[in-house]
Amino acid sequence: MAEGGAVRADEVAGSATGFWAPGTQVLWRYRENAGERFHIVRPVTVVRDDAELLAVWLAPGTECVKPVLADGTPVHQEPLHSRYTKPRTVRRDRWFGTGVLKLARPGDPWSVWLFWEPGWKFKNWYVNLEAPLARWAGGVDSRDHFLDISVHPDRSWRLLDEDEFAQAQRDGLMDAPAAERVRAAGRSAVEVIRAWGKPFDDGWQHWRPDPSWAVPSLPEDWDRTPAHVST
């Protein structure tokens, strides 16, 4: 049993193929682009999980795992030309600032994140282009694809991190066919934005977390290899 009476996903029999109940704590993880190691791990609480959508809440103050350079330098502080070639490691840290609501539809090569300013003033949606989530007993795994899209309350949008996407290709982290698949995924996401389809039209910006939910803890075996994986 997890802290605060919440249930960890790997304590629920059959969760690799079924759905998690609201309040279940799972891991949302990303593998590094240059290998199979997990370099981003975030404990989250399930808001909704069914055949149409997985929604999870990343609470402020959650202990996470994030990548850093081997000398401890934060990745974003390293110049772009050497950001993806210098040796890296990971470290534990806290998710500071406001929380994040993450939404993912099965099979989609992106997830949609919602951000708020302090006081629950809605800030924006953020489309994170990534590999479709792979489910396992303790959570979901993916691989980030560098490109992102910021979507604002007035429904305007803009593409983000094109420089990182180009550098990743120069550094051999993504070949030309893979890059084109990411661009195609981005075009598909933009079509959804322009049509104002799900999840943008579902009113998630008005959602609020259950105040009884405890902040999930980061398990010691956060990098364990899933025994069974499904998409």
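The values are calculated or read from the model by the stated rules, or taken from the named source; none is laboratory data. All figures in this text were calculated on a predicted structure; none of them were measured in a lab. Cβ: placed from backbone, ideal geometry, glycine included. Neighbour counts: every protein chain shown.
Could you grab the pairs with beta carbons closer than 8 Å, sequence gap of 6+ or different chains, first residue in segment 149-168 and within 26 Å of W196 (Cα to Cα) and hydroxyl-bearing (S, T, Y), second one at pLDDT 95 or above and assigned to a strand (DSSP E or B)? From residues that are within 26 Å of W196 (Cα to Cα) and hydroxyl-bearing (S, T, Y), the pairs are S150/N124; S150/W125; S150/Y126; S150/V127; S150/W157; S150/R158; S150/L160. A Cβ distance below 6 Å, combined with a sequence gap of six or more or placement on separate chains, defines the contacts here; from segment 36-54, residues that are assigned to a loop (DSSP other than H, G, I, E, B) reach residues that are surrounded by fewer than 17 Cβ atoms within 10 Å (Cβ to Cβ) in the pairs D50/F19. Of the residues F115, F122, F165, the single one that is surrounded by 14 or more Cβ atoms within 10 Å (Cβ to Cβ) and over 28 Å from W20 (Cα atoms) is F165.
The residues of segment 115-138 that are within 17 Å of W57 (Cα to Cα), assigned to a strand (DSSP E or B), of a type outside the set (K, R) and touching an Asp or Glu at 6+ places or on another chain (Cβ under 8 Å), listed by number, are Y126, V127, N128.
Checking each residue in segment 125-145 for being buried (at least 19 other Cβ atoms within 10 Å of the Cβ), under 23 Å from D201 (Cα atoms), in contact (Cβ under 8 Å) with a residue 60 or more places away in the chain and not aliphatic (A, V, I, L, M) picks out W125, E130.
Within segment 84-103, residues that are over 16 Å from S217 (Cα atoms) sit with their Cβ atoms under 7 Å from residues that are surrounded by 13 or more Cβ atoms within 10 Å (Cβ to Cβ) and among the basic types (K, R), at 6+ positions apart or across chains, in these pairs: V90/K66. All of A227, A214 fail the test of being at pLDDT below 95 and exposed (fewer than 15 other Cβ atoms within 10 Å of the Cβ), apart from A227.
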